Amino acid sequence: MTHAHEAITALIHRYAERVDGGDLAGVAALFADSTYGAEGGPQRRGTAEVLAALRDAIILHDGVPRTKHVITNLTIDVDETAGTAAARSYFTVLQATPTLALQPILAGRYHDRFGRGAGGWHFADRRIFIDLIGELREHVRPRR
């Protein structure tokens, strides 16, 4: 595996760790110079917009969403010369709360684009494709 593949894999995993840890500001910081959003929905750009969307949507229980994001089927294509990359992966989100037994609540795909800058690899765009929806009442606030 190349250094680029390792760095991009770590970035994708960092996203999951920060979401599961309730670090919504840390998640938003990953998208400082990029776009983020579910396919068919609004695309947020930059830290402030992403953070506002996350705070508006995700329910925290004592500071954490009580979720575990499982990332699988990761495929990364790197163009070292251009300093760009693209990745596709599957995600499954598990959740357990005091009123919800452990269960999968969401499954889908991430389509990501990356750029390489002075600080290393960073997200350029994340598109979220939601394929399966389970019980979300303890994870996502209803849209207003």
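A compact table of results
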quantity: Angle between the chain longest axis and helix 46-57 axis [Cα atoms, degrees, rounded to 10]; calculated: 20 degrees
quantity: Integer Hz, Karplus 6.51/-1.76/1.60 couplings in order for region 37-45, x for Gly and Pro; calculated: x, 7, 4, x, x, x, 9, 8, 10
quantity: Using alpha-carbon coordinates, inclination of helix 3-20 to the longest axis of the chain, degrees; calculated: 20 degrees
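Only the coordinates and a few stated rules stand behind these numbers; no lab work does. Bear in mind that the values here come from a model prediction, so they are computed numbers and not experimental data.
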